[in-house]
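Right, one structure below, let's go through it.
The values are calculated or read from the model by the stated rules, or taken from the named source; none is laboratory data. The shown structure was predicted, so the numbers you read here are calculated from the model rather than taken from an experiment. In this analysis, Cβ positions are derived from the backbone assuming ideal geometry, glycine residues included, and neighbour counts consider all displayed protein chains.
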Amino acid sequence: MNSLKRLVLILGDQLDLEGAALKNFNFATDEVFMVESIHEAQYVWSHKAKIALFLSAMRHFAKQLKELNYPLAYIQSSPLSIVAALKEKIVQEQITQLICVEPGEWRLRQQIELMAKELKLHLDMREDEHFFCSHRDFMGWAEDKKELRLEYFYRLMRKTHHILVDEEGNPEGGQWNFDQDNRKPYPKKGPGIVDEPILFEPDSMTQEVIAFVKETYSKHPGSLDHFRWPVTRPQALEALDYFVEYRLRNFGVYQDAMWTNTPYGWHSILSSALNLKLLNPREVISAVLSAWKKYSLDISTVEGFIRQILGWREFVRGMYYLDMPGMAEDNYYQHQRALPNWYWSGKTNMSCMKDAIGQTLQYGYAHHIQRLMVTGNFALLAEILPSAVCDWYLAIYVDAIEWVELPNTAGMALFANGGRFTSKPYIASGAYIKRMSNYCDSCRYKPDVRFGETACPITTLYWNFLIQHRSQFESSPRTRLMTANLKRISEEDQKSIVGHAEYLLNHLDDL
Ligand SMILES: Cc1cc2nc3c(=O)[nH]c(=O)nc-3n(C[C@H](O)[C@H](O)[C@H](O)COP(=O)(O)OP(=O)(O)OC[C@H]3O[C@@H](n4cnc5c(N)ncnc54)[C@H](O)[C@@H]3O)c2cc1C
Ligand code: SF4
């Protein structure tokens, strides 16, 4: 028992030896505390690969701490929640001081603060240095804005951090955003040779974790057969180097493209390493900027990639903290339908959904457009209850942590917050999916048929959505054009679309 001991809590997504939690660590009086909570893997029905990734990365990090002689209390497979296990330790050992980095997840932060108050604990909760923009700075930026939009925030971040701006503060390449250049489908014959991302064979520690997850979480969704994620910082750095050297060049142009059996396309697959804090976004941006010069890369690909990290990643984190806890409850359209069962199995006749969900179950990964314009688009058009959709995304992706998952799902994909930070719902018919992929070639449905047996369900539900929300779409200049197209569809056909949509909505599990 040592009442002077300071406990340093390190969460499973805070695996950085240089992180704020370990600053000024006193090897004589301090102890690091880490806990694997079974409850964390179960409060949503997590993909086995997501559980294995967290456990393996935590155990590798703990091993490193031990090698560096950090006093460490590491609890494996605790039946308690993180905070309950922490509390037990604090009470048993009469600890009076707790140090930690602010948790990314709102719920956990509230619980730790509450516990500290209850136990009259001195809580030293430090800012997370893995982000460019603190919560305070984001709130300051948002305070006087009529509209909260990525574009203005992103420009400010570029200027503040002198990234892709010249000495006068003007954007490199003459424009802030090259999004228009970054929306191409693959060539008609397919993506051709895509340089595979670097994948890591599981070492003995990861194999042990995989065996444990297979046994303990056997009923959870997803496969562990393809588990090749980086679980240590050296691996994450290797993955970053490999990406900027071989794959960044085509990231921009094919960012939105989809193709069967091409799970990663030219994407970086760095999100899990970034979110576990095995990588710092500053070093990712710096590696991308060096590669830009070294390999004479196109500005559109470099800007497109940096916008994701310095723009979207920071922006959604800021929005999450600004709008929690309300964001988790938002349901602008009052959608109430259950998530179709095939979201958990991939067993559907819709080729696009089958492919996006199938690869998700195999790898715990799908890229942004698959998440937004395939599974997300369908969930919005099919009027699924937002919290059910959010639970699915949180469970099923290896990179899913609530601060980044929730704003993307509820805010961006489902418009559940009524357009708080997006100007319109992201909806599309089968025509978009046909343009951006080869999915429709092998589908039993036809993307351009609006109703009837062969009609693409996404197309039917898209037109139905526009008909149901016609007045909302007509009220904004950004969306008026979408309903203008409705005028080209006869009244009779519109009735057939609504009738067919009603049938589909009542038989979602059969699609
Ligand atoms: C419905 C939905 C749910 C999502 N859930 C998550 C999630 O749980 N965790 C997560 O990290 N991302 C999430 N995203 C954002 C994005 O899809 C993933 O970050 C990306 O697909 C990860 O793959 P990648 O590393 O190959 O990314 P790349 O396409 O290579 O992009 C590079 C990096 O930019 C960042 N990034 C890109 N887009 C976004 C974005 N919209 N928001 C925040 N960061 C972004 C990521 O860190 C990513 O690693 C979600 C998007 C949608 C539409
Ligand atoms: S026809 Fe419709 S359901 Fe089938 S793959 Fe194309 S968009 Fe998806």
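For region 387-401, filtered to residues that are near ligand 1 (Cβ under 8 Å from one of its atoms) and not aliphatic (A, V, I, L, M), the residue that is farthest from LEU274 (Cα to Cα) is TYR393. Scanning region 322-339 for residues that are of a type outside the set (S, T, N, Q) and assigned to a loop (DSSP other than H, G, I, E, B) turns up MET324, PRO325, GLU329, ASP330, TYR332, TYR333, HIS335, ALA338, LEU339. HIS39: within 25 Å of MET205 (Cα to Cα), at pLDDT below 95 and in contact with a Ser or Thr (Cβ under 6 Å, 6 or more places away or on another chain), yes or no? In short, yes. Does any residue in region 27-45 that is touching a residue at least 24 places away in the same chain (Cβ under 8 Å) come within less than 6 Å, Cβ to Cβ, of a residue that is in a loop (DSSP other than H, G, I, E, B) and among the aromatic types (Phe, Trp, Tyr) six or more places away or on a different chain, and which pairs are these? Once the first residue is touching a residue at least 24 places away in the same chain (Cβ under 8 Å) and sits in region 27-45, its partners that are in a loop (DSSP other than H, G, I, E, B) and among the aromatic types (Phe, Trp, Tyr) give VAL32/TYR70. Name the residues in region 167-221 that are in contact with a helix residue (DSSP H, G or I) (Cβ under 6 Å, 6 or more places away or on another chain) and exposed (fewer than 13 other Cβ atoms within 10 Å of the Cβ), would you? If the condition is that a residue be in contact with a helix residue (DSSP H, G or I) (Cβ under 6 Å, 6 or more places away or on another chain) and exposed (fewer than 13 other Cβ atoms within 10 Å of the Cβ), then GLY169 is the only one that fits.
Could you list, in sequence order, all residues of region 170-187 that are within 27 Å of THR262 (Cα to Cα) and among the acidic types (Asp, Glu)? Once the filter is applied, which keeps residues that are within 27 Å of THR262 (Cα to Cα) and among the acidic types (Asp, Glu), region 170-187 yields ASP179, ASP181. Comparison of TYR432, TYR439 shows that the only residue that is modelled with pLDDT of 95 or more, in contact with a helix residue (DSSP H, G or I) (Cβ under 7 Å, 6 or more places away or on another chain) and surrounded by fewer than 22 Cβ atoms within 10 Å (Cβ to Cβ) is TYR432.
As a summary of the residue check, LEU481 satisfies the conditions (1) away from ligand 1 (no atom under 16 Å from the Cβ); (2) in contact with a Ser or Thr (Cβ under 7 Å, 6 or more places away or on another chain); (3) outside any loop (DSSP other than H, G, I, E, B) except for the one numbered (2). Is it fair to say HIS335 is away from ligand 2 (no atom under 14 Å from the Cβ), out of contact with any Asp or Glu (no Cβ under 8 Å at 6 or more places or on another chain) and not assigned by TED's automatic domain parsing to the domain that holds ARG228? Judged against the criteria, HIS335 is not a match. The C-beta contact set for region 422-435 (first residue within 14 Å of ASP256 (Cβ to Cβ) and among the charged types (D, E, K, R), second residue at pLDDT 95 or above and part of a helix (DSSP H, G or I), distance under 9 angstrom, 6+ apart or interchain) comprises LYS434/CYS440; LYS434/ASP441. Any residue in region 150-159 that is more than 25 Å from the chain's Cα centre (by Cα) and modelled with pLDDT of 95 or more? Scanning region 150-159, I find at least one residue that is more than 25 Å from the chain's Cα centre (by Cα) and modelled with pLDDT of 95 or more, so the answer is yes. Within the set SER271, SER290, the sole residue that is more than 13 Å from ligand 1 (Cβ to nearest atom) and not aliphatic (A, V, I, L, M) turns out to be SER290.
Only one entry of GLU383, GLU405 meets the criterion of being more than 16 Å from ligand 2 (Cβ to nearest atom), more than 27 Å from GLY12 (Cα to Cα) and acidic (Asp, Glu), and that entry is GLU383. Is it the case that some residue within region 364-380 is more than 30 Å from GLY318 (Cβ to Cβ) and either more than 15 Å from ligand 1 (Cβ to nearest atom) or without any contact (Cβ under 8 Å) to a residue 40 or more places away in the chain (or both)? Scanning region 364-380, I find no residue that is more than 30 Å from GLY318 (Cβ to Cβ) and either more than 15 Å from ligand 1 (Cβ to nearest atom) or without any contact (Cβ under 8 Å) to a residue 40 or more places away in the chain (or both), so the answer is no.
Every residue, every condition in (1) farther than 30 Å from ALA21 by Cβ; (2) at pLDDT 95 or above, yes or no:
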| position | (1), (2) |
| --- | --- |
| GLN255 | yes, no |
| ALA273 | no, yes |
| ASN280 | no, yes |
| ILE285 | no, yes |
| PHE305 | no, yes |
| PHE315 | no, yes |
| TYR320 | no, yes |
| ALA338 | yes, yes |
| HIS368 | yes, yes |
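Scan region 72-93 and tell me whether some residue there is charged (D, E, K, R), closer than 30 Å to TRP344 by Cα and not assigned by TED's automatic domain parsing to the domain that holds SER272. Looking through region 72-93, none of the residues is charged (D, E, K, R), closer than 30 Å to TRP344 by Cα and not assigned by TED's automatic domain parsing to the domain that holds SER272. Answer with yes or no whether LEU274 is closer than 30 Å to SER78 by Cβ, hydrophobic (A, V, I, L, M, F, W, C) and surrounded by 19 or more Cβ atoms within 10 Å (Cβ to Cβ). Yes, satisfied. Of all residues in region 9-24, those being touching a Phe, Trp or Tyr at 6+ places or on another chain (Cβ under 7 Å) and surrounded by fewer than 24 Cβ atoms within 10 Å (Cβ to Cβ) number 2. Of the residues examined, MET373 is one that is within 16 Å of ligand 2 (Cβ to nearest atom) and surrounded by fewer than 24 Cβ atoms within 10 Å (Cβ to Cβ).
Results for (1) in contact with a Ser or Thr (Cβ under 6 Å, 6 or more places away or on another chain); (2) of a type in the set (Phe, Trp, Tyr), shown as yes or no for each residue.
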{"residue": "MET350", "(1), (2)": "no, no"}
{"residue": "THR360", "(1), (2)": "no, no"}
{"residue": "ALA366", "(1), (2)": "yes, no"}
{"residue": "GLN370", "(1), (2)": "no, no"}
{"residue": "LEU385", "(1), (2)": "no, no"}
{"residue": "TRP392", "(1), (2)": "no, yes"}
{"residue": "ALA395", "(1), (2)": "yes, no"}
{"residue": "ASN417", "(1), (2)": "no, no"}
